[in-house]
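To start, the structure under review is shown below, and the notes come after it.
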């Protein structure tokens with residue numbers, strides 16, 4: 001994984017991969033050779049919700065996403081709020097909906113983005129008005145949902161299973177393989 005930190009935030013010296021004894025043995029991390037600062041690079045908690053309105057599930061499309069992908073409502077947890085408060089805030093900010101009931105679905109590893117996803121099922125009401133962050137939404141009956149084999153798609157699959165539905169996963173595009181090298 002690429003790390004954004006290149007310089008020490010305390011003394012501005014270049015960070016280096018340095019192995020050091022920690023609980024459980026030696027661990028290589030980005031560290032400052034000058035002032036001993038350690039960049040821990042711990043996963044960021046991200047909140048997600050399977051938002052249910054009148055029996056249908058709201059899927060939204062982020063303005064920054066290419067193509068026509070729709071997914072769950074997500075957002076970062078803020079300092080000083082619980083995960084439950086955070087997802088209720090995100091739902092209100094992104095969709096204008098009010099949350100009536102909230103239940104934890106599960107916690108999911110999302111290493112590609114160095115995140116831990118805390119996913120909830122939220123029963124909501126109100127009139128959907130999207131924030132500028134989102135460009136479109138769809139309301140989908142639970143039996144017509146297709147899961148994606150990544151991040152929040154696994155939370156959606158677990159929620160469907162809890163409702164007695166068999167999750168169906170969509171085909172996921174494989175990363176492009178590099179063109180073979182030639183000696184021409």
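Taking just the C-alpha trace of the chain, give me its Rg and Dmax in Å.
Cα radius of gyration and Dmax of the chain are 20.4, 65 Å respectively.
Sorted by mean Cβ packing within 10 Å, highest first, what order do the peptides 61-69, 122-130, 37-45 take? Present the calculation step by step, with values, prior to reporting the outcome.
On the way: 61-69: 10.3, 122-130: 15.6, 37-45: 12.7.
Taking the mean over residues of other Cβ atoms within 10 Å, the ranking is 122-130, 37-45, 61-69.
Classify segment 1-41: rounded, prolate or oblate, from the alpha-carbon gyration tensor (a ≥ b ≥ c, eigenvalue square roots; a/c under 1.5 rounded; otherwise prolate if a/b is larger than b/c)?
oblate
Whole percent per 10 Å bin, from 0 to the bin with the longest distance: what is P(r) over all C-alpha pairs of segment 1-82?
For segment 1-82, the binned pair fractions read 14, 27, 24, 20, 13, 2 percent.
Simple spin-label model, 7 Å along Cα-to-Cβ: residue 18 to residue 85 in nm?
Each label point lies 7 Å from its Cα, and together they span 3.7 nm.
With angles folded into 0 to 90 degrees, how steeply does helix 83-95 sit against the dominant principal axis of the chain? Use alpha carbons for both and round to 10.
Relative to the chain, helix 83-95 is tipped by roughly 60 degrees.
Name the shape class, rounded, prolate or oblate, that the alpha-carbon gyration tensor gives for segment 67-117, where a ≥ b ≥ c are the square roots of its eigenvalues, rounded holds for a/c under 1.5, and otherwise prolate holds if a/b is larger than b/c and oblate otherwise. Let's see the in-between values first.
Details: a/c = 1.68, a/b = 1.18, b/c = 1.42.
Oblate, because a/c is 1.5 or more while a/b does not exceed b/c.
Compute the length gained on full extension between residue 163 and residue 112: take 0.36 nm times their separation in residues and subtract their Cα-Cα distance, giving the result in nm to one decimal.
Details: separation 51, 0.36 × 51 = 18.36 nm, distance 2.86 nm.
My answer for the length gained is 15.5 nm.
Restricting things to alpha carbons, find the Rg to Rh ratio for segment 98-176 using the Kirkwood radius for Rh. Kindly include the intermediate steps, with their values, before the conclusion.
Numbers: Rg = 14.1 Å, Rh = 14.5 Å.
Ratio of gyration radius to Kirkwood radius for segment 98-176: 0.98.
Taking springs between alpha-carbon atoms closer than 10 angstrom, which of 156, 72, 104 fluctuates most in the Gaussian network model of the chain?
Taking springs between Cα atoms under 10 Å, the residue moving most is 104.
Run the simple label-point estimate for residue 6 and residue 172 please: 7 Å along Cα→C-beta, distance reported in nm.
With each label placed 7 Å out from Cα toward Cβ, I get 3.1 nm.
Per DSSP H run of n ≥ 4, the term is -39500 (n - 2.57); total these for the chain, divide by its residue number, and report the mean residue ellipticity at 222 nm rounded to 500 deg cm²/dmol.
Details: 2 runs with 24 residues, N = 184.
Mean residue ellipticity, 222 nm, calculated: -4000 deg cm²/dmol.
Quick note: the coordinates plus some simple rules give every number you see, no bench work behind them. Given the structure is predicted, the values throughout are model-derived calculations rather than measurements. No Cβ is skipped: glycine too gets one built from the backbone with ideal geometry, and neighbour counts run over all protein chains shown.
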